[in-house]
Each structure stands twice: as structure tokens, then as C-alpha cells.
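A short write-up of the structure that comes next.
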Amino acid sequence: GNSNVIVAVIDGGIDVSHADLAANIWKNKKEVAGNNIDDDNNGYIDDINGYGFGDNTGTIYPDEHGTHVGGTIAAVTNNGVGVAGIAGGNNGSGGVRLMSCAGFGQFGIGGFEDAMVYAADNGAVISQNSWGGGSSTIEAAIDYFIARAGYDNSDLNFSKKIQIGPMGGGIVIFAAGNSNIDSPDYGYPASYSPVMAVAATDHNDVRAYFSNYGDWVDIAAPGVDVLSTIPQSMGGYGYLSGTSMACPHVSGVAGLIVSQLKGTSLVPSHVWNLLQSKSDNIYDSNPGYAGLLGSGRLN
């Protein structure tokens, strides 16, 4: 991983003080914590590690689901503690940074479109989304992230398309859903074609019994009995299953790819193509699902 690569976790809030995550949490260096002022004039007060969109606050409420997702991507590696995230760096250095965009708050739910735009405008180039539902209004925000992530989106420089991030543009990754059905309606927004839709497999590379599937799925990844971080108030670590757990595996590997290839020549299609072309064929283990689990299981 590389600390210049930011993954926006649009989910419940991440436990930003978790001992196995804190070193890899994104920090907004232009904002002063706790002064109730929008220091960087980005429209959000005290957004130090992201923003609580569901509750409309800079305080990130630690959520089990969001913290679990974040740990799969970037729990600190080689620290002798807990678990190792896919792009977790080396004992507190070099990991990708997790930006917590909490659409699922302590008290409210919402702001997913705003979260997608915020992430693009504040440096994220990978958008991790283990959720589904909502209306087609999210599509414009997804399109914005794909087009504008990695660029200077200030009013002054927006039209100039000046790349300031590790990749020119962004990749949006969504969980395919847990309804055991092939209908794209049940997988939305994962079934929206510009996003990468992720199905879930078990430790035998067999489709998880709950995982959605279909010709709209792009890739599969492990999503059964995944051990990762949960809020320290809940014990710190736990097992969860779902396409929600598969999705951050893909986001983590995307983070590694961007970390390795970062530069002005890197665009999202390169990352997408590598994820798919290097995946492992699992269709012998999944008779009856030919072409319905994407390119195969994430390598």
C-alpha cells in the first residue's frame, strides 16, 4: 500500500481510534479538530477523518459493519496485532488511507450522493460501497467520482482537469447483494454498469449461498466467515459474512494496484482490467453459474 492512495469507505463509520486501524486512517490536514469551523472551506465542519453524512456531523460514530469493511482493506500489517489488511502497509507505514464517509450514522441514514462527491473532491480515488438500494440519483454522483477523482476540483481549477492524485479518475466498487438472485434490480447500484459489482465466494471458491449473481456481476471475492476489525467497544475483532465482506477485498487489491502504478498515466480502466484479467477461474467449482460470477475470483 501507499499512504497517498485514499479509499473512501461509504458505509457505517469506521472506528478511527481502533489500534489496528488508526495508523491508516485518512487525516484532513487542512481542518482543525473540534473548533466547529470549516477551516478548509469545503462545506463540512470538523471533517478530520471523513464525515458522518447520515448524522450530518464531523464526528464518526464507530459502526460494526463499516469498521469490518475498513479492516479488510487496510488493517495495519506486520504490527503483531489482530488482523492484516490487504493494503495495510508495514507496521504503521505505507498503508492506503481509509476515509470514513458514514452514510449510515448513529441516528440517521443518508447523504450517499454527497459522500461520493465529497470523496472525489477530497482525494479518494477508490470508492468502496458495501450497501445497496436507493434511487437512480446516485448514478450522477458515481459518474462524478469516476470522472473527477484524482483531480483538482476547486472552482478555480475544475475545468483545467489538473491531476493531483495517484490516478486520473476513480474506480467505484459495490457489493452485489445478498438476496441469492440474479436480478439486477436486487443488486442495484452494483448493477449500474460503470461500477464494479462483487459477488461472494467461500473458502472452496464456491458461490456463497446468499450471494447475488448474474451477467451484471464483474468479479467475485471471499465473503464467508471473514475475520476483520470491529469497534473496540464490541471486542475489536469479529467474523462477518456477505457480499459486503467480499467487496473490500477487491477495494484492497485495487489499492495495491494504484499504489504500485500511481502516476499521470494511470487511469481507472487499467485497474479494472488488471483486477479482471488476473482473477482465477472458479467455474469448475460453480456448475450452473457459468458467466454469472464475473471474471472469476479475485487473485
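Among the candidates Leu266, Leu275, single out the residue that is in a loop (DSSP other than H, G, I, E, B) and open to solvent by less than 50 Å² (accessible area, probe 1.4 Å). Only one candidate passes the filter, namely Leu266. Could you give every pair whose Cβ atoms fall below 7 Å, whose first residue belongs to the range 76-90 and is modelled with pLDDT under 95, and whose second residue is of a type in the set (A, V, I, L, M), counting only separations of at least 6 or pairs across chains? Once the first residue is modelled with pLDDT under 95 and sits in the range 76-90, its partners that are of a type in the set (A, V, I, L, M) give Val81/Ala19.
Residue count for the range 152-172 under the criterion of being without any contact (Cβ under 8 Å) to a residue 60 or more places away in the chain and surrounded by fewer than 22 Cβ atoms within 10 Å (Cβ to Cβ): the result is 12. Checked against (1) farther than 15 Å from Asp218 by Cβ; (2) surrounded by fewer than 23 Cβ atoms within 10 Å (Cβ to Cβ), Val258 passes all but a single condition, namely (2).
Residues in the range 227-242: is at least one assigned to a loop (DSSP other than H, G, I, E, B), among the hydrophobic types (A, V, I, L, M, F, W, C) and open to solvent by 30 Å² or more (accessible area, probe 1.4 Å)? Break it down into steps so the answer makes sense when it comes.
Taking the range 227-242 first, the residues assigned to a loop (DSSP other than H, G, I, E, B) are 230-231, 235-236, 241-242.
Filter once more, so that each one left must be among the hydrophobic types (A, V, I, L, M, F, W, C): 230.
Now restrict to residues that are open to solvent by 30 Å² or more (accessible area, probe 1.4 Å): none.
Taking every residue of the range 227-242 in turn, none turns out to be assigned to a loop (DSSP other than H, G, I, E, B), among the hydrophobic types (A, V, I, L, M, F, W, C) and open to solvent by 30 Å² or more (accessible area, probe 1.4 Å).
Specify which of the listed residues (Thr59, Thr67) is open to solvent by 10 Å² or more (accessible area, probe 1.4 Å) and out of contact with any Lys or Arg (no Cβ under 6 Å at 6 or more places or on another chain).
On the way: Thr67 fails: open to solvent by 10 Å² or more (accessible area, probe 1.4 Å).
After applying the criteria, what remains is Thr59.
Let's see how each residue does on (1) acidic (Asp, Glu); (2) not in a loop (DSSP other than H, G, I, E, B):
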site	(1), (2)
Ala33	no, no
Gly43	no, no
Asp46	yes, no
Pro62	no, no
Gly66	no, yes
Val83	no, no
Gly95	no, no
Glu113	yes, yes
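The set of residues from the range 206-254 being of a type in the set (Val, Ile, Thr), touching a Ser or Thr at 6+ places or on another chain (Cβ under 7 Å) and under 24 Å from Ser17 (Cα atoms) comprises Val226, Thr229, Ile230. Any residue at all in the range 198-220 that's at positive phi, in a loop (DSSP other than H, G, I, E, B) and without any contact (Cβ under 8 Å) to a residue 40 or more places away in the chain? The answer is no; no qualifying residue exists.
Taking residues in the range 114-137 that are under 23 Å from Asn153 (Cβ atoms), and partners anywhere that are polar (S, T, N, Q) and crowded, with 24+ Cβ neighbours inside 10 Å, the pairs with Cβ atoms closer than 6 Å and at least 6 places apart or on different chains are Ala119/Ser127; Ile126/Ser251; Gln128/Ser251.
Would you pick out the residues in the range 116-151 that are on the phi > 0 side of the Ramachandran plot and at pLDDT below 95?
Here is the first cut: in the range 116-151, the residues on the phi > 0 side of the Ramachandran plot are 123, 133-134, 150.
Within the range 116-151, Gly133, Gly134 meet the criteria.
The set of residues from the range 1-49 being open to solvent by less than 20 Å² (accessible area, probe 1.4 Å), within 21 Å of Ala141 (Cα to Cα) and out of contact with any Leu (no Cβ under 9 Å at 6 or more places or on another chain) comprises Ile10, Asp11, Gly12, Gly13, Asp47.
Looking across the range 95-119, the residues that are of a type outside the set (D, E, K, R) and open to solvent by 10 Å² or more (accessible area, probe 1.4 Å) come down to Phe104, Gly105, Gln106, Phe107, Gly108, Ile109, Gly110, Gly111, Phe112, Val117. Of the candidates Gly236, Gly187, the single residue that is over 19 Å from the mean Cα position of the chain (by Cα), touching a residue at least 12 places away in the same chain (Cβ under 8 Å) and farther than 30 Å from Asn41 by Cβ is Gly236. Among residues of the range 3-20 that are farther than 13 Å from Ala75 by Cα, those with a beta-carbon under 7 Å from a residue that is among the hydroxyl-bearing types (Ser, Thr, Tyr) and assigned to a loop (DSSP other than H, G, I, E, B) at least six positions away or on a different chain give the pairs Asp11/Ser130; Gly13/Tyr61.
The values are calculated or read from the model by the stated rules, or taken from the named source; none is laboratory data. From a predicted model like this one, the values you see are computed outputs, not experimental measurements. Note that we place each Cβ from the backbone using ideal geometry, even for glycine, and neighbour counts take in every protein chain shown. Keep in mind that these areas ignore ligands, DNA and RNA; they rest on the heavy atoms of the full protein, side chains included. Shrake-Rupley method; radii C 1.70, N 1.55, O 1.52, S 1.80 Å.
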